[in-house]
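Q: Sending over a structure as structure tokens; questions will come in a sec.
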Amino acid sequence: MSRRKKEILKFLQHPRPEDFDLPTVLHACADLTRLKLLLDLRQSPGKTCGTFETDVSKSTLSGHFKVLREAGLIRQESGPGNSRLNWLRISELETRFPGVIPSILDAFKQDFQNPAPVS
């Protein structure tokens, strides 16, 4: 690993599972874009940041990844070039908050795929 990548990774904060905080995790899940990112990671672990289909700018997307990472929902590692690989930390979250994240993602997926009719 290059020196630059090591320096970048040094600044990425990943909380330990015992430090996960439920209000922080729930806050991170309270955004539509972040929920879509989590669903994508559940289906395709190890995706690079640039491969997510979103309608937000790169800087906004980076902010969403930071919220998810600092809440403990995702782990980011240096990928090829300047990219970052992303994983959902589901097993660690399940240990700390059994059933919470899968329930949220399943409910969101169902609502997202079958939106309520607009009256």
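Rule-based calculations on the coordinates, nothing more; no lab input. None of the values given here were measured: they were computed from a predicted structure. In this analysis, Cβ positions are derived from the backbone assuming ideal geometry, glycine residues included, and neighbour counts consider all displayed protein chains.
Q: Cross-link candidates for K58: which aspartates and glutamates have Cα within less than 15 Å, leaving aside residues fewer than 8 places away along the same chain?
A: none
Q: Where the only charges are on Cβ atoms (+1 Lys, Arg; -1 Asp, Glu), what is the dipole of the range 66-114 about its Cα centre, to the nearest 20 debye?
A: So the magnitude is around 180 debye.
Q: Multiply the residue gap between Q43 and E94 by 0.36 nm, knock off their C-alpha separation, and tell me the result in nm, one decimal place.
A: 16.7 nm is the gain from fully extending Q43 to E94.
Q: Using only the Cα atoms of the range 37-119, what semi-axes does the equivalent ellipsoid have when each is the square root of 5 times a gyration tensor eigenvalue? Give whole Å, largest first.
A: 23, 19, 11
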